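Q: Before I ask anything, here is the structure I am working with.
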Amino acid sequence: MIKTNCIKHTQFTLLSVLLLLTLPCQANENVPSEDLYFQEMPVVLTASRLSQPLSEAPSAMTVIDRKMIKASGFRTVPELMRLVPGMYVGFADANRPVVSLHNSTDEFAHRMQILIDGRSIYLPPFGGVSWADLPLLIEDIERIEVVRGPSSASHGTNSFYGVINIITRDALTQGASVSVTSGNYWVSDASARFGKSLDDFDYRISAGYRSDQGLDNSVLNDHNNTRVFNFRGNYQPNVSDSLDVQLGSSNGVYGMGIAGRPEDAFRNKTAQSNFQQVSWLHVWPTNDETKLTLSHTSRDSLDPYLCINSDGCQGNMGGRGNPLNLTVAQSFTQQKVYSQRNELELQNTQQLGASNRLVWGGGVRRDHANYPLLFDRSYTLRPWQVFAHDEWRVTEAAVLNLGTMFESNGMGHKNNSPRASFNYHFTPQHTVRFGISTATRSPVMAEAYLDANNTIFGGAYVPPITPLTPEKILSKEIGYLGEFPSLNFSLDARAYVNTVSDLILVDKYVALTAAFPDSYKNVGSAEFKGVEATAKYRWNEGHSFLVASYAYQEGSAGLSSLPTQYYNTAADPLEPLRYTSIGDRVRQFYQTEYFDQFSQTVVSNSASLLLSQSMGDSWQFSAGYYFRGKVRVIDVSPDVTPEYTMRRLDLRVAKTFKFDKERKAEVALVVQNATQDDYTKYGTVNAVAEVLFTRRGWLTATLNF
Amino acid sequence: MKRYLFVIALLLLAFSAQAKSLRVTVLLAEEGASYSEFARSFAAEAARNNLSLSIDQTSSLPQETDLLVAVGIKSAAMALNSRFPVLVVLVSKAGFVKLQHQILDHLENNIFSAIYLDQPSRRQVDLITVALPNVKNVGLFVSAQSADMTSLRKAMTESRLVLHEQQLESDETLHRDLHSLLQKSEILFAIPDAQIYNSSTMRNILLETYRSGIPIIGFSPAYVRAGALCAVFSTPEQIAKQAVSQARQFAESGRLSAIQYPSEFEVMVNPQVARSLGIDIKDAATLVRQMNAATVAGGRK
């Protein structure tokens, strides 16, 4: 509008006001100009913001969107992973969730990459993620994309068994909301969110806390209380640049300890997490884009009463376990740990001709960890990587994805992780995908540097004698994706074989010194194969849906190279009657603890079913059914109770009240394990493994205004 | 013999050029990439047609000329107050109509015509039916400032589309009003209305529609680049072609045709957005062909 232009000018200077008052601007008052036809617009739906349709994706992928998050009634990200076919979700205790595809070797499930808006939250010292103190509110999640398979070419280093890619809501999330949750087991959550859009700046702020008592406080001290703050701002100085700023923090108190085990006394651990991320996106006139991201994350935590000598903690003086006669007081200490990560990444998305899209870039990282009592000193690693990934539309119906990532892991190893996949659309609705993908997992600091002459991890550890090499995975898969629009139905199915080599496992008895320390070594190889399927049915114009997933898998493993003391013929100094030699003890350890158990560490059958039914404008009913066959994590000995079959039904009923166009409220009731089919959990000792997951429920009231 | 003919032809050409040379002045009261692109294309197109125009380019009214080609609404306002015949180009229909009303009383010259930037309603609706044949419910976001929608409503009804109109109540309610419109619509049909669609609201609108899985039909290439699914529009070059043919006619007959919509048009598609929304859309060239065929079929009826 010419008129608007006049007004805009007047905002600048007083001089222009005076000038314009005298200029013939009024002559054309209210005459719409043609500017609107020629005006440049900010490129909003950039290539990196658009989600790739499943039928074009180079890997098997599960997308959990806001509707599913809401319908599930889940309060945390790990629980949402129950909706991913084949995903193992376990709990060392309520505040230490374990999430992994295929299987996990211990509570530090470290064979997946976890990203929040492209920022890796995989922790340098142990790998895995500290899910409890994630500086993120579930209400701020836009969607979660879970890649089920290695994906280093697209998601970077450690995208080994898979990738959990959490995408948070854009800065442009308008309005305000407050939410309060209260239920049994002291479930008590609250959050407040606010978002505003200004001329060239959008922002959202959210703050909240989540807390509950945990599972069973007569056995476990696993209550948790986390306060979270988040800010995201997006500044758009012009149509082709935008600056995204994110920062957040969490701090919490987490119960630790097992009743009746003085060496694991009831105590409260505290933890703080912080992150800052700045991302600059430039869209070129060709719609190609360049994105530069700088991020910093840090986490510290304090355990005020950590046992470093279990015999001493139990009051046992002398003997092999406590040769220095440590008193109870001397056997406990406090441990303050700190880790941080800085990362700089450049990513370019380029359209090459009509049929090729190339994504390429690179990044440098600095990982730092200071873990006294576990590492002899603080460690800093400086890995870097470059990557390229081309999506070639060979014909209208055929898409070839080729890509690779080359990395230097900062521990002296350089790896290349190529990937190729071919998607063929027989019709636009029916697609078959063939894929071969590789990835490597670098040893985590704990595997490479653990140097502990204490019982924090059960016994003494020394750094490996043979330098560790990265684990490797090769995945082959064939998938089918079908859309049946007339039936409102879609199907996503695949079969895969994943071969893992150079698997890093405990190296038993690397030295025959007094403490008989363990270490880590590339000793195993494993194979996982399975089939997975997800079916979706929508009705009621998409307001109601049913998502059903099923996964079958099997796994096997064996020694690929021999542990250090495997051939040692010296008599076993600890139990000479039980083992003929040290080598025999090591041999039996691998046989009974790992390979006899391995097939049990993989969930053979699992399924989930999420139903959401809208009834009119105001009522919504949803039900989630989760099935998981018996499973035993590798570090759970055969004499400890495994995780028995889980059959769990969660229900949610919500009613919406509309006050006026601006304001509405929702009251929701969630009941988990409604049928009281209680099930056992992950635990390395019976007292913990036998804690049951019992029925629990809560009410949530949300007000949007 | 052949040589003779050639020389005669040359002489004839030279003579006619001299005799019929029309002084055309391209008036550019405002600077802008599209305006200068028009001016460039106009000159090039005239040259290509061996049209004997002597073209001047100016930012103020000339002393003397045979035809003023006024580019944009500011030039139009200036030109229509002159005594020369005027061809107005690169203006929106709403702008031109309003301008005409404002200066009608003291309109000195009565030889004028225009080529609008707007696409005829029929063509806009054809884009929907050709690109998205399964779509029934079209969302239209309008404000108090929006142009007259009568012919668009009519064209939609003729194509058996259901139009859902939502009035923007105020700038503050944009998000809410859009949300309630998207509940009913399968596509959002954008119109040139700065109160609704401007560079600061565009993020909001595109993200909200994308979250709802609803594509936007835009009206300029910038919309498609920003994230609209597709748009039909005419480039300054296409308009220049049409303007040259008007100028040729003026040179021959001394008359200008009635006000026209653009005759040639282009379609632009954003394939990334289409794929991400799971929309199976044909390429731009096919859409243009099918829209032309639809026009022919519609004309026969």
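Q: Below 17 Å, Cα to Cα, which aspartates and glutamates can A:Lys521 reach? Residues fewer than 8 away in the same chain don't count.
A: In chain and number order, the partners are A:Asp106, A:Glu447, A:Asp451, A:Glu471, A:Asp502, A:Asp507, A:Glu593, A:Asp635.
Q: So if I average 1/r over every pair of distinct C-alpha atoms in chain B and take the inverse, what Kirkwood radius in Å does that give?
A: With all distinct Cα pairs of chain B included, I get 21.2 Å.
Q: Would you mind checking A:Lys658/B:Lys184; A:Lys70/A:Lys196; A:Lys70/A:Lys661; A:Lys269/A:Lys630; A:Lys291/A:Lys414 for any pair whose Cα atoms are more than 27 angstrom apart?
A: A:Lys269/A:Lys630
Q: Size of the dipole of the protein assembly as shown about the Cα centre, Lys and Arg at +1 and Asp and Glu at -1 on the beta carbon, nothing else charged, in debye to 20?
A: Values: 92 positive and 97 negative charges, 317 e Å.
For the protein assembly as shown, the charge dipole is close to 1520 debye.
Q: Let me ask another. Using alpha carbon centroids, what distance separates the range A:245-305 and the range A:606-681, in Å?
A: What the calculation gives is 27 Å, centre to centre.
Q: Sticking with this structure for a sec: Given a 1.4 Å probe and no ligands, DNA or RNA in the count, how much accessible surface is buried by B and A, both sides, to the nearest 100 Å²?
A: 4300
Q: Of A:Leu136, A:Leu50, A:Gly252, which is farthest towards the positive pole of the range A:32-704's charge dipole, taken about the Cα centre with +1 and -1 on the beta-carbons of Lys, Arg and Asp, Glu respectively?
A: Farthest towards the positive pole: A:Gly252.
Q: Continuing with this model, one more query. Applying a 10 Å radius around every beta-carbon, put A:560-568, A:466-474 in order of their mean neighbour count, most first.
A: Top of the packing list down: A:466-474, A:560-568.
Q: If you don't mind, another one. Within chain A, what whole-number % of the accessible surface is contributed by carbon and sulfur, with the 1.4 Å probe and all protein chains included in the calculation?
A: Solvent-exposed carbon and sulfur of chain A make up 59 percent of the total.
Q: According to the Kirkwood expression over distinct Cα-Cα pairs, how big is the hydrodynamic radius of the range B:133-264, in Å?
A: Details: mean 1/r = 0.0604 Å⁻¹.
When all Cα pairs of the range B:133-264 are included, the Kirkwood radius is 16.6 Å.
Q: Another question, then. Please compute the modelled spin-label separation between B:Met149 and A:Gln588, points set 7 Å along Cα→Cβ, answer in nm with one decimal.
A: That separation, rounded to one decimal, is 8.3 nm.
Q: Counting residues in the protein assembly as shown as N, plug N into 2.2 N^0.38 Å and put the Cα Rg over that result.
A: 1.14
Q: Carbon-plus-sulfur fraction of the accessible area of chain B, 1.4 Å probe, in percent?
A: Accessible surface attributable to carbon and sulfur in chain B totals 53 percent.
Q: If you don't mind, there's one more thing I want to ask. Please work out the average accessible area per residue across the protein assembly as shown, using the 1.4 Å probe convention, and give it in Å². Don't jump to the answer; show the numbers that get you there.
A: Numbers: 42430 Å² over 1006 residues.
Per-residue value: 42 Å².
Q: What ³J(HN,Hα) values, in whole Hz, does the Karplus curve 6.51 cos²θ - 1.76 cosθ + 1.60 give for the range A:353-365 when θ = phi - 60°, with x put for Gly and Pro?
A: Karplus-based 3J(HN,Hα) across the range A:353-365 equals x, 7, 10, 10, 10, 10, 10, 9, x, x, x, 10, 9 Hz.
Q: How far apart, in nanometres, would the label points at B:Arg211 and A:Tyr235 be if each is projected 7 angstrom from Cα along the Cα-to-Cβ direction?
A: If labels sit at B:Arg211 and A:Tyr235, their model points lie 2.4 nm apart.
Q: Something else: For B:Lys74, list the aspartates and glutamates whose Cα falls under 14 Å from its own Cα; do not include residues on the same chain fewer than 8 positions away.
A: A:Glu29, A:Glu34, A:Asp35, B:Glu30, B:Glu31
Q: Would you mind computing Rg(Cα) / (2.2 N^0.38 Å) for the range B:112-169, counting N as its residues?
A: Its radius of gyration relative to the 2.2 N^0.38 Å reference: 1.24.
Q: Separate question: Residue-wise, which Karplus ³J(HN,Hα) couplings in Hz belong to the range A:80-88, taking 6.51 cos²θ - 1.76 cosθ + 1.60, θ = phi - 60°, and x for glycine or proline?
A: 4, 5, 5, 7, 9, x, x, 7, 8
Q: For the range A:32-704, what does the relative contact order come out to in percent, with C-alpha contacts under 8 Å and a separation of six or more?
A: Averaging sequence separation for qualifying contacts and normalising by length gives 11 percent for the range A:32-704.
Q: How far apart, in nm, are two points set 7 Å out from the Cα along the Cα-to-Cβ line at A:Trp360 and at A:Ala176?
A: 5.0
Q: Restricting attention to the alpha-carbon atoms of the range A:417-540, what are Rg (one decimal) and Dmax (integer), both in Å?
A: Rg, Dmax (Cα atoms, Å): 22.2, 72.
The values are calculated or read from the model by the stated rules, or taken from the named source; none is laboratory data. Just so we're clear, the structure is a prediction, and the values are computed from it rather than from any experiment. Every residue, glycine as well, gets a Cβ built from its backbone with ideal geometry; the counts of neighbours run over all protein chains shown. With ligands, DNA and RNA removed, areas are computed over all heavy atoms of the protein, side chains included. Shrake-Rupley method; radii C 1.70, N 1.55, O 1.52, S 1.80 Å.
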